[in-house]
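Structure first, then comments.
The values are calculated or read from the model by the stated rules, or taken from the named source; none is laboratory data. If you're wondering where the values come from, they're calculated on a predicted model, not measured in any experiment. Positions of Cβ are generated from backbone atoms using ideal geometry, with glycine treated the same way; all protein chains shown enter the neighbour counts.
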Amino acid sequence: MNKTKPSVDQSPSATGSFMGSLGRTMGSVFGRILGWVLPWLLIGAGLLFAFDYFIERPADYFCSRTQLCSPPTVEVPPDIYVPTVERVQALSQLTTTRYNYSHIVTGQTDMPGILATLYGESLVMVAVGHIQAGIDVSSITADSVVYDEINNQLTVSLPAPTLQDCFLDEGESYIVERKSGLFAQPSPAIDTATRRYALRQFLTMALEDGILEEARTQAVAVMSGLIGDLTQADVQIEIAPADPNAPLPDTCQ
């Protein structure tokens, strides 16, 4: 009895043939796209590299590949110290100038002829004292201390020098001679008037000797030296000119 064996159709089906064809087509297209895009990507990356090194950082690029460049120098700005107003005010006592005087003065009561003989009084005194002038640094404000960063200059503006004190040293002053009329009683008024006259004489002499200008010069020297030792800035001390009409302190009136 003849038996027929079922045969298996091994030829590719229509569906398999289509998918294979589609895959080959896609691969071909992708390959063409990649072959076209990849060179441009490489060119773009090369241009970016060249722009970074040859345009933005040509010196860095050149020096990194040669031995002709010196090591880079780094400049560190100095630590500039700007004194506070309180620190400047603390220097007030160092900006004073004192003139010491010793002078013989005579005082007497004003009476005509015979009355002076009967009731008059006079004395001769060696007066010793001093006149002091300076700058009131305590009056400065924050605007008086200015630092110019561009020019590295520290400017301190101070007020004008003034008279500060007129002092008669009672321990060193003494009366050389006292004369009284026949009926005169010792009067403390003549002693007071003579002392005031001595102080006015000292004040006049100090102004004529230039005490205010010397106080200004000394203040500039002292401030420039002390503040200059604290900072690396160029210190400039500015002082207003003296006012001849400035009021006198009570001790000088």
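Among the conditions (1) part of a strand (DSSP E or B); (2) in contact with an Asp or Glu (Cβ under 7 Å, 6 or more places away or on another chain), the only one that Ala160 does not satisfy is (1). The set of residues from the stretch 126-149 being assigned to a loop (DSSP other than H, G, I, E, B) and in contact with a strand residue (DSSP E or B) (Cβ under 9 Å, 6 or more places away or on another chain) comprises Ile135, Asp136, Ile140.
Just to be sure before I move on: is Val128 crowded, with 16+ Cβ neighbours inside 10 Å and over 29 Å from the mean Cα position of the chain (by Cα) in the structure I sent?
Criteria met by Val128.
Within the stretch 180-200, residues that are under 18 Å from Met111 (Cβ atoms) sit with their Cβ atoms under 6 Å from residues that are in a helix (DSSP H, G or I), at 6+ positions apart or across chains, in these pairs: Gly181/Thr117; Gly181/Leu118; Gly181/Tyr119; Leu182/Leu118; Phe183/Leu118; Phe183/Tyr119; Ala184/Tyr119. Of the residues Leu158, Leu226, Leu168, Leu154, the single one that is modelled with pLDDT of 95 or more, surrounded by 15 or more Cβ atoms within 10 Å (Cβ to Cβ), in the same structural domain as Gln108 (by TED's automatic domain parsing) and of a type in the set (A, V, I, L, M, F, W, C) is Leu168. Note on the stretch 220-253: among residues that are part of a helix (DSSP H, G or I) and not β-branched (Val, Ile, Thr), the one that is farthest from Phe167 (Cα to Cα) is Gly228.
I'd like to check something: does the stretch 113-120 contain any residue that is assigned to a strand (DSSP E or B), surrounded by fewer than 17 Cβ atoms within 10 Å (Cβ to Cβ) and hydrophobic (A, V, I, L, M, F, W, C)? The answer is no, given that none of the residues of the stretch 113-120 is assigned to a strand (DSSP E or B), surrounded by fewer than 17 Cβ atoms within 10 Å (Cβ to Cβ) and hydrophobic (A, V, I, L, M, F, W, C).
The one condition from (1) under 24 Å from the mean Cα position of the chain (by Cα); (2) within 22 Å of Pro241 (Cβ to Cβ) that Asp148 does not meet is (2). Within the stretch 172-219, restricting attention to residues that are surrounded by 15 or more Cβ atoms within 10 Å (Cβ to Cβ), hydroxyl-bearing (Ser, Thr, Tyr) and not in a helix (DSSP H, G or I), the residue that is nearest to the chain's Cα centre (by Cα) is Ser173.
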